[in-house]
Amino acid sequence: MKSSDSIWNGESSSTSPMAMDARETLRQALLALNGSEQCKEECRDMRHLNLVDDLVKDLAYAARILRKTPTFAITAVLTIALGIGASTAIFSVTNAVLFRPLPYKNPDRLVLANDLLSNAYFFDLRNGASAAFENMAAVMVFRAVVPREDGTAERISKGLITTDFFQMLGAHIMFGRDFTEADGKPNGVPPPPFPPPQGTVAILSHDYFQRRYGADPTVLGHQMLGMEGPGPQIVGVLEPGFKLVGPQPSPDVWIANDRGYDESNRSDLMLQVIGDLKPGVTLDRAQSQIDRVAATWRPEHWQVRLESWHKSLVAEVRSALLALMGAVTFLLLIACANATNLLLVRTSLRERELAVRAALGARTGRITRQMVTEALLLCGLGTLLGVGLAWLGIRELLTLAPPSLPRLESASIDWRVLAFSTLAGVVESAILGVLPGWRVARPDVMQMLRSAGRSAHLGIGGLLRSGIVIAEVALAFVLLVGSGLMFRSFLELLHVDPGYDPHGLLTFLTVGDAKGFQQPQRRLAFLRELEDRLRAIPGIQNVGAATGLPLHAVGSTHGIQWRTEQIPEVPTHTVDLPTVLPGYFETLHTRILEGRAFTEADNASGRNLAVIDQSLAEKAFPSQSALGKRICVYIPNPTWLEVIGVVEHQRLQTLADPGREQIFMTDGFLGIGISRHWALRTAGDPTRYAAAVRAEIAKFAPGRLAITEMQTMDTAIDTAQSTTRFHLLLIGTFAVVAALLAAIGLYGVVSSAVRQRTAEIGLRIALGAAPGGIFRLVIGQGLTLSLAGIAIGLVAAGGLTRVMASMLVGIKATDPGTFAAMILLFILVAAVACWVPARRAAGLDPTAALREE
């Protein structure tokens, strides 16, 4: 007869006696070495060989066992792969956005200033706070139009940078040279209205170098084409892969900042300041240095706050990504619990087999190790398949994710993601192996043999499986509540009043200046003629323009401080300060609540008039009319404006949040021609007018104006809803899968209970129990488990869903209506899961059931 170990491992009984004698001889020879170092080393090698040999045998035996039960094996592997694949895909996004350091030198030491500054303010900071900073640089990203050789216009992104910008971030030049200090010598830029930066020297991004110049290195030393003559001289090409991370597009062309920094240019607020802290310098210490310098500018209101660049980059998406990571972790745990239940069911079906092995002498540790090996094989296959599903999932996420997720394009299966999926697989294999292994660790051999393979449902195995199902239900309920909150939030978002009518609006941005129109009056005449031509297109009802349309790139989004004569102290909050052309409110159908809108006569420099929104009117002038009142804004010098009208509040940045209050000024206040985001009110579908608008502008200003970002306002609304829709899609999908897995687990437990209590149920029916009573008995057992899980999930959801607060619109994380709806929904799901085994139990033939027992 085979030994118990050889039976368990599937060893052949044809082991040669000669081979056994050889092993014994080798063992005796090793012992004869009397504990020498050689003996210890040889013994260690022998143990290692035995362990490897045993592991290979265990894996081979596990593979043969699983091959005999393909339905179980495939179901378990797919369940594991589903949990690991979903969690790995979401972790890859979280890793790319939140955890991966910035792709620059000294990424942990890089900080940003919270406000835009001028050259003069920048040099004040760099010189005055040098004790805290290793280096300090500044950048401004803006759109530009450059002509191609064939005379057509090309829209590109430019970056105006201080000359040591690349050195501070560790960027390398592939061809040519970096900027020098001489490249930043001021070239006498005139005071406001500020023309767009031109620069005298430029460095190309590697992508633009390939796209525009075909990677021809002979372009070094040549001048780029400009709208009004030769542009900057090309002196270098950046290394491949260097990009400026952030909400703005990374520049195609980098130009050296040669703007003036005397007092006449102090109001030219355009630069984003980046600092590299010295080693050991804390953010608080650097802030104190900045405060000391800023106090010399305008101590009564100027505040420049520093924050980590990485923290600033992910501030708006951190909580949402962590909530998604928590949701998918719940799904992973549910998948693990479901797979564990599958293994427990399979173990219960194998109890007689295991009892026979134990009776033949198989050690408990050997049996447990084999159970763990089977779980390890299942989880290994599930992890490999899960990584493949994650790779596919990442590709889908890249197409579905909203543009608000920074650095999403870098999401991939890197070593961190592989480590995460491997750790998830190891932990899951430990759980899947230990629980079934513990279940059979000390079997009652005689009881198992007498039971003919049946297990008492009320025993430890049944209680363990019921406990796992309760945990599944609790986790799935939390996900259902989260998806319900996101669904309610999305419905609220659909009914948000944005402060304008988005239907029938065609929007676009014009880039480029009218050649020769340097005087304000000539620029004004140019704009009026452009308006007239656009309005003359058949079907165009009205025309408006602004520095930034709602849900587009809005001017002055960094905020402007204000005060009134009634509130002499400068408030700590700020307002948005968009400038508009007359006709803007009429085009967007924004209601005038008090006073009037701007007229053509108001659109001139020196006319310090303002239209404010309802929110600011209620805050600045409570319980009184705002008309005729004055309000002071700091841009950065204090300027008093007279209020001539009050309009309803517009949601400029996002539909999910009302945003700051608004003060509207005319285009001529800061300089005619800065309002370049256009909105056209059309008679029908706005997309039908796109070709006519392009043709009219091309005919009016050939080669001087380029149109970009043309879309309907409905499209902008849809894009603004994309973040909430993305969260709803993911959490909703996780919740549906989790509820399905929990229902399958519940079905398995109830069905197993019916099978194990067949004789009892048959006896009840024989003694007169009605089928309806049996049906209710089984349904009640399933609902009892569900209600226990819901109760636990209700407590957990009340606390855990609070982390979703930043993702919700118009409702609270503890919305009672959503909780009540999800309770009813899950009870319905549980009832459906229990219906099939309950119906089977109610239809049992008592004679057949008792005969089988």
I'd like to know which of Tyr121, Ala138, Pro101 lies farthest towards the positive end of the charge dipole of segment 92-140, counting +1 on Cβ of Lys and Arg and -1 on Cβ of Asp and Glu. Pro101
Residues in segment 197-224 near a label at Ala182, defined as backbone nitrogen under 11 Å from the 7 Å Cα→Cβ point? none
Among Val693, Leu627, Ala742, which residue has its Cα furthest toward the positive end of the charge dipole of segment 596-750, with +1 on Lys/Arg Cβ and -1 on Asp/Glu Cβ? Val693
How much length is gained if the chain between Asp685 and Arg607 is pulled fully straight, taking 0.36 nm per residue apart and subtracting their Cα-Cα distance, in nm to one decimal? 24.4 nm
When the dipole is taken about the Cα centre of segment 690-757, and only Lys, Arg (+1) and Asp, Glu (-1) are charged at their Cβ, what size is it in debye, to the nearest 20? 320
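Please give the FRET efficiency for Leu740 paired with Ile635, using the beta carbon to beta carbon distance and R0 = 60 Å, rounded to the nearest 0.05. List each step's numbers first, then the result.
Values: r = 57 Å, r/R0 = 0.95.
For Leu740 and Ile635, the calculated efficiency is 0.60.
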Expected unfolding gain across Val426-Asp532 under the 0.36 nm per residue rule, minus the alpha-carbon gap, is 31.2 nm
Can you compute the modelled spin-label distance between Arg148 and Thr847, with each label point 7 Å from Cα toward Cβ, in nm? 8.9
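On a 1.4 Å probe surface of the protein chains, which of Arg259, Arg67 comes out largest in accessible area, and what is the full order?
Values: Arg259 10, Arg67 160 Å².
Result of the area sort, largest leading: Arg67, Arg259.
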Within segment 594-676, what whole-number % of the accessible surface is contributed by carbon and sulfur, with the 1.4 Å probe and all protein chains included in the calculation? 48
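Please compute the per residue accessible area over segment 716-768 with all protein chains in place, 1.4 Å probe, rounded to a whole number of Å². Don't skip to the answer; put the middle values down first.
On the way: 1990 Å² over 53 residues.
Accessible area per residue, segment 716-768: 38 Å².
Based on the Cβ-Cβ distance from Glu409 to Lys278, what FRET efficiency comes out when R0 is 30 Å, to the nearest 0.05? The partial results should precede the final answer.
On the way: r = 32 Å, r/R0 = 1.08.
Calculated transfer efficiency: 0.40.
Which entries in the list Lys243/Lys619; Lys158/Lys629; Lys185/Lys699; Lys158/Lys619; Lys158/Lys185; Lys158/Lys311 go over 31 Å, if you measure between the two C-alpha atoms of each? All intermediate terms of the calculation are to be shown ahead of the outcome.
Values: Lys243/Lys619 42 Å; Lys158/Lys629 41 Å; Lys185/Lys699 39 Å; Lys158/Lys619 39 Å; Lys158/Lys185 19 Å; Lys158/Lys311 25 Å.
From Lys243/Lys619; Lys158/Lys629; Lys185/Lys699; Lys158/Lys619; Lys158/Lys185; Lys158/Lys311, over 31 Å: Lys243/Lys619; Lys158/Lys629; Lys185/Lys699; Lys158/Lys619.
According to the square roots a ≥ b ≥ c of the eigenvalues of the Cα gyration tensor, what is the shape class of segment 746-803, taking rounded for a/c under 1.5, prolate for a/b larger than b/c otherwise, and oblate for the remainder?
Working: a/c = 5.52, a/b = 3.05, b/c = 1.81.
Cα axes put segment 746-803 in the prolate bin.
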Relative contact order %, segment 639-747, counting alpha carbon pairs below 8 Å whose residues are six or more apart: 18
Residues of segment 399-422 with the amide nitrogen closer than 12 Å to a label point 7 Å from the Cα of Thr733, along Cα-to-Cβ, please. 399-401
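If I compute solvent accessible area with a 1.4 Å probe over the protein chains, what percent of it on segment 107-187 is carbon and sulfur? Can you show the working numbers first?
On the way: 1520 of 3260 Å².
C and S atoms contribute 47 percent here.
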Considering the options Ala683, Val646, Phe669, tell which one lies farthest towards the positive end of the dipole of segment 637-701, charges being +1 on Lys and Arg and -1 on Asp and Glu at the Cβ, about the Cα centre. Ala683
Which order, highest average first, do 279-286, 140-147, 689-696 follow once you tally other Cβ atoms within 10 Å for each residue and take the mean per peptide? 140-147, 689-696, 279-286
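The values are calculated or read from the model by the stated rules, or taken from the named source; none is laboratory data. Everything numeric here is computed off the predicted structure, so don't read it as measured data. Cβ atoms come from the backbone with ideal geometry, glycine included; neighbour counts cover every protein chain shown. Just the protein is used for accessible areas: all its heavy atoms, side chains included, with ligands, DNA and RNA removed. Shrake-Rupley method; radii C 1.70, N 1.55, O 1.52, S 1.80 Å.
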